[in-house]
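Below is one structure, written out as structure tokens; comments come after it.
The values are calculated or read from the model by the stated rules, or taken from the named source; none is laboratory data. The shown structure was predicted, so the numbers you read here are calculated from the model rather than taken from an experiment. Heads up, the Cβs are rebuilt from the backbone with ideal geometry, glycines too, and the neighbour counts pull from every protein chain shown.
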Amino acid sequence: MPKSRGRANAKRRAKQSSTPRRAVSTPPATQDATLLLAALKAPIGVERSRPPLYNAQQRTVTPGLGQPTTASTQTRPAVTERPQSDNQTVPAGSSLQVASFACEPLKDATPQSLGVTYWFDTAPTGEPYPVSVRLVGRWLGRPEPPVDGSAADLVGTTSFDVVRTVEGIVPGSGRTCITVRIPALAPGEWEVSASAPGNLPPKASVGSAPPHQAVTARAPSAYGPVVNVMAPGARLGAWPALVTSGAAIALLTQWFLTTKSGLSPLPVLIISLIACLVGLVGAKAYYLISHRSEKPPLLTAGMCIQGFVIAAIGVIALGTVIVGIPLGAVLDASVPGLLFGMAIGRLGCFFGGCCAGRPSAARWAIWSSDRTMGTRRIPVQLIESSMSGLIGIAALIAVIGHQTHWGGAVFLAAVAANTLGRQILFPMRSTPRATTHGRTATLVVSVLALVSAITLATV
């Protein structure tokens with residue numbers, strides 16, 4: 001290349017480099033969008049310098065790490081973040097959790113209560129032992145005036161000091177909690193401290209059980225009737241939702257089988273709906289009779305499936321006589337749906353915290369709650385649910401696969417088999433039997449009924 005052309009190119013490049021470039025301005029809206037995008041991409045941390053902000057649903061304070069911390073409200077609100085140290089470890093031991101129900105219309109409704117849950121680790125070995133928890137509460141006042149702005153008089157106590165003892169803590173069952181409910185409290189913010197010193201299993205050395213530390217937490221009171229059914233492991237509304245779903249499945253199954261059996265489905269459905277309503281009353285009455293010593297309130301008392309079945313069968317028998325439908329055919333068409341409904345309803349018992357199994361350290365035990373103690377238990381509700389479902393499937397096959405009516409033999413065999421299985425499973429429950437010889441008598445009657453049903457079907 002000629003030297004003259006090389007010098008010209010060098011001069012041109014030097015001139016371009018010496019000329020100042022015009023800065024490209026970014027619109028303010030673009031800058032704001034960029035900053036917002038960067039903020040969204042930034043990780044959400046845990047503030048340690050501020051005082052603790054308590055979650056709207058659950059508040060947990062773990063001792064031994066200094067100032068308690070909580071996650072930002074932009075993280076998952078239904079889960080309480082445990083405080084973490086610099087090496088991201090959480091020591092085993094005790095912690096305190098206070099249940100709260102965030103519902104503005106019920107914020108100042110009376111009665112107000114606290115549901116306090118004390119968590120601890122069980123001893124690794126030894127015999128079952130009791131644990132006593134002492135709860136001391138102090139009212140801190142209202143964080144804000146009442147919703148209606150009135151200066152109403154203070155209703156409820158402003159302090160409490162209670163001790164709750166729970167028997168039968170099984171060593172080796174791992175993380176366990178005890179829930180205590182304190183009723184008739186003044187609405188507002190509360191400070192609660194809990195301790196459980198000196199709880200060791202029999203024949204255990206002092207160092208064999210994890211230490212039960214004193215812990216403190218702050219939380220507002222909540223509406224009492226809701227607090228009474230809240231506990232770790234117990235889902236609020238699970239029992240009514242699953243029982244209602246089971247009833248719907250039962251009625252749909254009955255409609256299908258009555259149609260296939262040549263019966264008129266509409267009269268049977270009307271009789272069954274009336275039977276369900278009367279059955280609820282029977283279930284409530286059966287519970288009140290079998291739990292007379294507890295003297296439970298009428299509206300909040302539990303229900304028993306035995307009372308429901310007895311009352312519902314009585315209504316169906318009376319209804320079929322009035323309408324003129326064969327009773328045996330209706331019962332055979334109804335029993336598969338009844339067992340399917342019981343199978344789904346038992347899931348509601350498991351998730352709702354009722355009819356719980358005995359605490360156990362076995363490998364197949366599942367962590368669940370009876371709304372007082374949460375620990376690993378025999379999943380008796382799930383076992384009974386599976387049993388009812390299998391018997392229901394067998395009854396469904398028998399009804400569909402037979403050309404003529406069984407005359408009630410399928411109903412009698414299915415109910416007898418399910419009752420027999422329930423009596424076998426009863427010792428696995430944590431609730432003791434109310435009668436001395438009731439289980440033995442029921443076992444004998446169930447076996448006789450099952451044999452009679454099989455004999456009737458084969459004749």
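Just to check your reading of the model, which residue among 389, 353 is buried (at least 20 other Cβ atoms within 10 Å of the Cβ) and not assigned by TED's automatic domain parsing to the domain that holds residue 121?
Sole residue among the options that is buried (at least 20 other Cβ atoms within 10 Å of the Cβ) and not assigned by TED's automatic domain parsing to the domain that holds residue 121: 353.
Specify which of the listed residues (280, 269, 273) is touching a residue at least 24 places away in the same chain (Cβ under 8 Å) and either over 30 Å from residue 156 (Cβ atoms) or in the same structural domain as residue 98 (by TED's automatic domain parsing) (or both). Let's see the steps before the verdict.
Details: 269 fails: touching a residue at least 24 places away in the same chain (Cβ under 8 Å); 273 fails: touching a residue at least 24 places away in the same chain (Cβ under 8 Å).
Criteria check complete, one pass: 280.
Sort out which residues of the range 415-448 are more than 24 Å from residue 354 (Cβ to Cβ) and either modelled with pLDDT under 85 or crowded, with 17+ Cβ neighbours inside 10 Å (or both), and write them in order of number. Break it down into steps so the answer makes sense when it comes.
Going residue by residue through the range 415-448, those that are more than 24 Å from residue 354 (Cβ to Cβ) are 416, 437, 440-441, 444-445, 447-448.
Once the filter is applied, which keeps residues that are more than 24 Å from residue 354 (Cβ to Cβ) and either modelled with pLDDT under 85 or crowded, with 17+ Cβ neighbours inside 10 Å (or both), the range 415-448 yields 416, 437.
As an exercise: evaluate residue 256 against (1) over 30 Å from residue 113 (Cα atoms); (2) among the hydrophobic types (A, V, I, L, M, F, W, C); (3) not assigned by TED's automatic domain parsing to the domain that holds residue 416 and give the number of the one condition it does not meet.
Here residue 256 clears every test but (3).
Name, by its number, the condition in (1) free of Cβ contacts under 8 Å to residues at least 60 places away in the same chain; (2) part of a helix (DSSP H, G or I); (3) farther than 30 Å from residue 235 by Cα that does not hold for residue 391.
Against the list (1) free of Cβ contacts under 8 Å to residues at least 60 places away in the same chain; (2) part of a helix (DSSP H, G or I); (3) farther than 30 Å from residue 235 by Cα, residue 391 comes up short only on (3).
Looking only at the range 291-313, decide whether some residue is surrounded by 15 or more Cβ atoms within 10 Å (Cβ to Cβ), in contact with a Cys (Cβ under 9 Å, 6 or more places away or on another chain) and closer than 29 Å to residue 405 by Cβ.
Checking the range 291-313: at least one residue is surrounded by 15 or more Cβ atoms within 10 Å (Cβ to Cβ), in contact with a Cys (Cβ under 9 Å, 6 or more places away or on another chain) and closer than 29 Å to residue 405 by Cβ.
Quick check on residue 270: is it outside any loop (DSSP other than H, G, I, E, B) and more than 23 Å from residue 418 (Cα to Cα)?
Answer is yes for this residue.
Which count do you get for residues in the range 112-127 that are surrounded by 16 or more Cβ atoms within 10 Å (Cβ to Cβ) and assigned to a loop (DSSP other than H, G, I, E, B)?
Of the residues in that region, 3 qualify.
For the range 440-456, check the following and say yes or no: at least one residue is in contact with a Lys or Arg (Cβ under 6 Å, 6 or more places away or on another chain), touching a residue at least 40 places away in the same chain (Cβ under 8 Å) and not aliphatic (A, V, I, L, M).
Scanning the range 440-456, I find no residue that is in contact with a Lys or Arg (Cβ under 6 Å, 6 or more places away or on another chain), touching a residue at least 40 places away in the same chain (Cβ under 8 Å) and not aliphatic (A, V, I, L, M), so the answer is no.
Considering only the range 408-417, I want to know if a residue exists there that is without any contact (Cβ under 8 Å) to a residue 40 or more places away in the chain and over 24 Å from residue 320 (Cα atoms).
Within the range 408-417, one or more residues are without any contact (Cβ under 8 Å) to a residue 40 or more places away in the chain and over 24 Å from residue 320 (Cα atoms).
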